[in-house]
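*Asks:* Have a look at this one.
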């Protein structure tokens, strides 16, 4: 018999969160902050949520797939898969963009982000559904045109680094485990089935930028 609890991970930004939900709703939540070391701080809050439970109490694990932090998203998915393996339950990746507060009320909302190397990504939600899948936009001018006529545009980028064209201010919002869980609940069964059929993977818009070592012996045994 599957467990009655759902565990949710949202680690695609430096401000990450976890949620445990039961049959009657949210049981507990935890939030933590980390820029590049989610793996070092995630397991304390996770242990607090799981206190008093056994793995078989978990019947479903949800995890945000981004787009977002390269390392944070990977750590969240790996941890979610580990819990699901121990619990013997499904693990499903849900796009983190659906957990943007601006998209939660059903209004049309564009989420934008920095794809590095002078490019950006955009995605549009409407009625709590993705109507424009995350798409790469090359160059600041093309990016500006995408914003024409958009009444609600938000970003997950940190306030410390402003990658957008000069003079352009985009409000920052943070996806949360609670909003990811709510997005899952209001999504149609067909969409849930599609996500569940896919192996959990970070939503990357381009391959990671990896510089090969110049040392001729690197990687050789």
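*Asks:* Round to the nearest 10 and give me the degree value, 0 to 90, for the angle of helix 177-186's Cα axis relative to the longest principal axis of the chain.
*Replies:* Roughly 80 degrees between the two axes.
*Asks:* Quickly estimate the mean residue ellipticity at 222 nm for the chain, helices only: each DSSP H run with n ≥ 4 gives -39500 (n - 2.57), and the total goes over all residues, rounded to 500.
*Replies:* Numbers: 7 runs with 60 residues, N = 221.
Here the helix-only value at 222 nm equals -7500 deg cm²/dmol.
*Asks:* On to the next question. Given Cα pairs under 8 Å that are at least 6 residues apart, what percent is the relative contact order of the range 101-155? Could you put the intermediate results ahead of the total?
*Replies:* Values: 100 pairs, mean separation 20.3, N = 55.
Normalised by residue count, the contact order of the range 101-155 is 37 percent.
*Asks:* Go through [x] 59, 55, 30; [y] 82, 37, 29; [z] 55, 54, 31 and flag the label whose value is the computed Cα extents along the principal axes in Å for this structure.
*Replies:* [z]
*Asks:* Continuing with the same structure: With a/c under 1.5 counting as rounded, go ahead and sort the range 43-101 into rounded, prolate or oblate using the C-alpha gyration tensor (a ≥ b ≥ c being the square roots of the eigenvalues; past the cut-off, prolate if a/b is larger than b/c, else oblate).
*Replies:* Details: a/c = 1.96, a/b = 1.71, b/c = 1.15.
Prolate, because a/c is 1.5 or more and a/b exceeds b/c.
*Asks:* Relative to the longest principal Cα axis of the chain, at what angle does helix 70-87 sit, 0 to 90 degrees, rounded to 10?
*Replies:* Once rounded, one gets 20 degrees.
*Asks:* Before anything else, pin down the relative contact order of the chain: Cα pairs under 8 Å, at least 6 apart, normalised by residue count, whole percent.
*Replies:* On the way: 445 pairs, mean separation 47.1, N = 221.
Here the relative contact order equals 21 percent.
*Asks:* Highest mean first, what order results for 187-199, 117-129 on Cβ atoms within 10 Å? Provide the component values of the computation, followed by the final result.
*Replies:* Values: 187-199: 11.5, 117-129: 17.5.
In decreasing order of mean packing, 187-199, 117-129 become 117-129, 187-199.
*Asks:* Rank by packing, highest mean first: peptides 22-32, 65-75, with packing defined as the count of other Cβ atoms within 10 Å averaged across residues.
*Replies:* Working: 22-32: 13.3, 65-75: 23.1.
Highest to lowest by the protection proxy: 65-75, 22-32.
*Asks:* With a Förster radius of 45 Å, plug the Cβ-Cβ distance of residue 27 and residue 141 into 1/(1 + (r/R0)^6) and report the FRET value to the nearest 0.05.
*Replies:* On the way: r = 48 Å, r/R0 = 1.07.
Efficiency for this residue pair is about 0.40.
*Asks:* Would you mind telling me the antiparallel percentage of the DSSP bridges in the range 1-148, rounded to 5? It would help to have the intermediate numbers written out before the result.
*Replies:* Values: 27 of 36 bridges.
Among the beta bridges of the range 1-148, antiparallel pairing accounts for roughly 75 percent.
*Asks:* Hey, another quick one. Whole Å is fine, so just give me how far the alpha carbon centre of the range 1-64 lies from that of the range 108-159.
*Replies:* Result: 28 Å between the Cα centres.
*Asks:* Considering the range 101-155, what Rg and Dmax in Å follow from its alpha-carbon atoms?
*Replies:* Looking at the range 101-155, its Cα Rg and Dmax stand at 10.9, 33 Å.
*Asks:* In which sequence would 97, 174 go, from the one with the fewest C-beta neighbours within 10 Å to the one with the most? Don't jump to the answer; show the numbers that get you there.
*Replies:* Numbers: 97 30, 174 20.
With the fewest neighbours first, 97, 174 line up as 174, 97.
*Asks:* Which order do the peptides 86-92, 145-151 take when ranked by the mean count of other beta-carbon atoms within 10 Å per residue, highest first? Kindly include the intermediate steps, with their values, before the conclusion.
*Replies:* Numbers: 86-92: 18.0, 145-151: 10.4.
My ranking of the peptides, most packed first, is 86-92, 145-151.
Throughout, read-outs are computed from the coordinates displayed, never taken from laboratory work. Because the structure is predicted, anything quoted here is derived from the model rather than measured. Heads up, the Cβs are rebuilt from the backbone with ideal geometry, glycines too, and the neighbour counts pull from every protein chain shown.
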